[in-house]
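What follows is a set of notes on a single structure, which appears directly below.
The values are calculated or read from the model by the stated rules, or taken from the named source; none is laboratory data. Since the model is a prediction, treat every value here as computed from it, not as a measurement. Because the Cβ atoms are built from the backbone with ideal geometry, glycine has one as well, and the counts that use them run over all protein chains shown.
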Amino acid sequence: MARLALCVVAALVAVCAAAASVAAQSSAPPPVPLPSNYHVISPGRFKRDQQLACNDDKTNKTSCMAKCDRRCPNQCIVLCPGCKTFCMCDFYPGVSCGDPRFTGGDGNNFYFHGKKDQDFCILSDADLHINAHFIGKRNPAMSRDFTWIQALGIRFADHRLYMGAKKTAKWSNDVDRLELAFDGAPVDIPTEAGAVWESATVPGLTITRIAATNGIRVHLKGMLDIMANVVPISEEDSRIHNYGVTEDDSLAHFDLGFKFLDLTDDVHGVLGQTYRSDYVNQLDVSSKMPVMGGAPKYVSSDIFATDCAVARFRAAGISMVTARAY
């Protein structure tokens, strides 16, 4: 069963990659549609089981009972017609989930803890720079913070895209906790699955809701594709791991999936460096929790700053992304 599940995930990723290639060669800018045979469901805080209409033309079965894994109780992907379920973090390449666990460009998983209330350079390349803002909790029994990614600041050409998870006291999947802004102006998207916002100034930049609330796909033609879901720390996880969730803060944060389409071989950053052809993974990949250190190299002064020690971004004299999109 594990081998079958891995094959299914690989097939899905291949479908997305193939579709992305086709769309990139097209003159039309819309993002690649998600595969038609899966759905994103949000079971709710106390309902991991959810009835989902999942049609199968061969057997005439019209529905099945889908169940999200305990690791992703608030949202998961359901593959029809078999109702196989996956956490978003297991589905999309280049992921960052939880107490930031990244999957690098080399395919290896690693953790980067950073520090709460600081910004870190996740990726920096000549034409693209991404910072992440970390929130966290300090466990007195440990020498580090528990941390999660609360927001991203994305820079390309002379544009700035902000995406964040609003601080939330009592979590509800029915309430949208996304905050989006492009070049300083709020981005408003109707709270319905499939709703799309398209930039009037940057052809090829779209944000699509993959669920009615708290889930989006950011697509910048020729450059990047990001899947983002706002999720809380559950009371159960807090109890098990001693995260310290309080009644006034559910520690809402992002689970993220990244796909980069045109990086140079000089790319850097916590995640970015793992896409270099000369990258050598010196982490203990056999460890249950391989950790990337060197946090000071990646610290940025704010969410849009390009002043981390490994910055590669050229803020001036850069060509518009539309001129290099394909």
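What the table below lists for this structure:
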| read-out | value |
| --- | --- |
| Qualifying positions in segment 168-189 - of a type outside the set (A, V, I, L, M, F, W, C), farther than 19 Å from Trp148 by Cα and not in a loop (DSSP other than H, G, I, E, B) | Pro186 |
| Test: residue in segment 146-167 that is among the β-branched types (Val, Ile, Thr), crowded, with 18+ Cβ neighbours inside 10 Å and in a loop (DSSP other than H, G, I, E, B) | no |
| Residues that are within 18 Å of the chain's Cα centre (by Cα) and assigned to a loop (DSSP other than H, G, I, E, B), drawn from segment 190-217 | Ala193, Gly194, Ile210, Ala211, Ala212, Thr213, Asn214 |
| Search result, residues across segment 174-205 that are surrounded by 19 or more Cβ atoms within 10 Å (Cβ to Cβ) and either closer than 19 Å to Asp158 by Cβ or polar (S, T, N, Q) (or both) | Phe182, Val202, Gly204, Leu205 |
| Test: residue in segment 129-144 that is surrounded by fewer than 22 Cβ atoms within 10 Å (Cβ to Cβ), in a loop (DSSP other than H, G, I, E, B) and at pLDDT 80 or above | no |
| Segment 168-221, residues that are under 22 Å from Phe260 (Cβ atoms) and of a type in the set (Asp, Glu) | Asp183, Glu198 |
| Enumeration of residues in segment 292-324 that are surrounded by 11 or more Cβ atoms within 10 Å (Cβ to Cβ), outside any loop (DSSP other than H, G, I, E, B) and modelled with pLDDT of 70 or more | Ala295, Lys297, Tyr298, Val299, Ser300 |
| Residue selected from segment 251-291 under the condition farther than 14 Å from Ile154 by Cβ and part of a strand (DSSP E or B), by the criterion modelled with the lowest pLDDT | Val291 |
| Looking only at segment 218-236, and only at residues there that are in a strand (DSSP E or B) and touching a Lys or Arg at 6+ places or on another chain (Cβ under 8 Å), the one that is farthest from Ser250 (Cα to Cα) | Leu224 |
| In segment 249-294, residue farthest from Phe146 (Cα to Cα) [restricted to those that are in contact with a Ser or Thr (Cβ under 9 Å, 6 or more places away or on another chain) and of a type in the set (Phe, Trp, Tyr)] | Phe258 |
| In segment 75-117, residue farthest from Met227 (Cα to Cα) [restricted to those that are polar (S, T, N, Q) and at pLDDT below 70] | Gln75 |
